[in-house]
Amino acid sequence: MKPLYRIPSMAEIAATPWNGFNAISTFSGCGGSSLGYRMAGFRVLWASEFIPAAAETYKANAAPYTVLDTRDIRKVTAAEILAATGLGVGEIDLVDGSPPCASFSTSGKREAGWGTVKQYSDTQQRTDDLFFEFARLLRDLQPRTFVAENVAGLVQGTAKGYFKRILKTLREAGYRVTARLLEAQWLGVPQRRQRIIFVGVRNDLGVEPVHPAPEPHYYTVRDAVGDLPGAFNDLDNDPETGYPITIRGYSIERLWRQLRPGEGHPARLNLKRLSFDQASPVIVARAGTKGTAALTHPTHPRYLTIPELRRIGGFPDDFVLTGNYARRWERIGRAVPPPMMARIAGTIRDKILIPLRDAETPCAE
């Protein structure tokens, strides 16, 4: 029988005993990855997030010992990170990075936007080169291990060339590297979200990278939101932001049928109805536009509430999201689900970092 779906509260995560290992986070977003490391007992000493709205949310939930740097990663040096953390080259246990994935997403423009500055969240920036900024910091920091993630589209179609370049660059930074396509619904998240996960171990340590094994069960939307007030109701407004979430002019019958060819829709919305008895489709950052679908309630003609999105995204109920309804949705849509990263981090902790530490500890006479 599978365990009940439950994400610990922010207070419980803050009280998680330190496992003795440190981490730094780049391209941190609202803090999904960082929260996963904290759930696994790591201390995230330093984080970087350039998007103001995401940095605002990260700051609202950060541990008191975490230094948040909001500059463009291109301006950050390894020396500055080491000075902020009080560590030396080679002393960081894990470096995490989630370079923006819009350039490689199959729902985006892909190669049409490579090499150009374009809109990303609240800013204008080039995003297809940021993996190489991550590799630059790895080369200069020389952490024991690293984790990097990106969309499944990185290994599909024309993006495969970028994937090979990224893998080569990470290995040239001094690491044994493996990459696996992992599915969030088999790692404790009630969401079908595929991500390419790179794991690297510094060459001199003589250890191979590891990835987590899938769980024998998955969680459904009902498992995730069944006990939330209003989860089974047709609500007019989101209880957290007050934003109208009823889909006006779109009857539940049409919602169930979806958009058949030639049927049309007055609002031209791209909608995807959830099933209570399945994991949710992937939560995307900007839903309802071309190539992406806005998630809707299984039985009522409304969008999901922010509390429902938070649960499906693997975040604690008391995780602070800032901004309006759309900004809060975007933060969840761009985030790595914390339970997924907690399992990745726990695997690296148990199979790489703890054995290395035990091997370095002198035996008592």
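Of 16, 85, 296, 57, the sequence from fewest to most neighbouring Cβ atoms within 10 angstrom is 16, 85, 296, 57.
When 66, 246 are sorted by how many other C-beta atoms sit within 10 angstrom of their C-beta, beginning with the fewest, the order is 246, 66. Neighbour counting of Cβ atoms within 10 Å sorts the residues 297, 211, fewest neighbours leading, into 211, 297. For the range 1-74, the alpha carbon convex hull comes to 104 Å³ per residue, rounded to a whole number. Near residue 219, within a Cβ-to-Cβ distance under 15 Å, what is the net charge of the other residues, with Lys and Arg +1 and Asp and Glu -1? Taking every Cβ under 15 Å from that of residue 219, the sum is +2. Each residue of the range 334-340 was assigned a 3J(HN,Hα) from its phi angle through the Karplus curve 6.51 cos²θ - 1.76 cosθ + 1.60 (θ = phi - 60°); the sequence is 8, 7, 6, x, x, x, 5 Hz, with glycine and proline shown as x. In this structure the amide hydrogen of residue 231, modeled in the peptide plane, comes within under 5 Å of no amide hydrogen from residues 5 or more places off or on another chain. Near residue 174: Cβ cut-off under 14 Å, other residues only, Lys/Arg at +1 and Asp/Glu at -1. The net charge is +4.
Throughout, read-outs are computed from the coordinates displayed, never taken from laboratory work. On a predicted model such as this, the values are computed, not experimentally measured, just so you know. We place every Cβ from the backbone using ideal geometry, glycine too, and count neighbours over all the protein chains shown.
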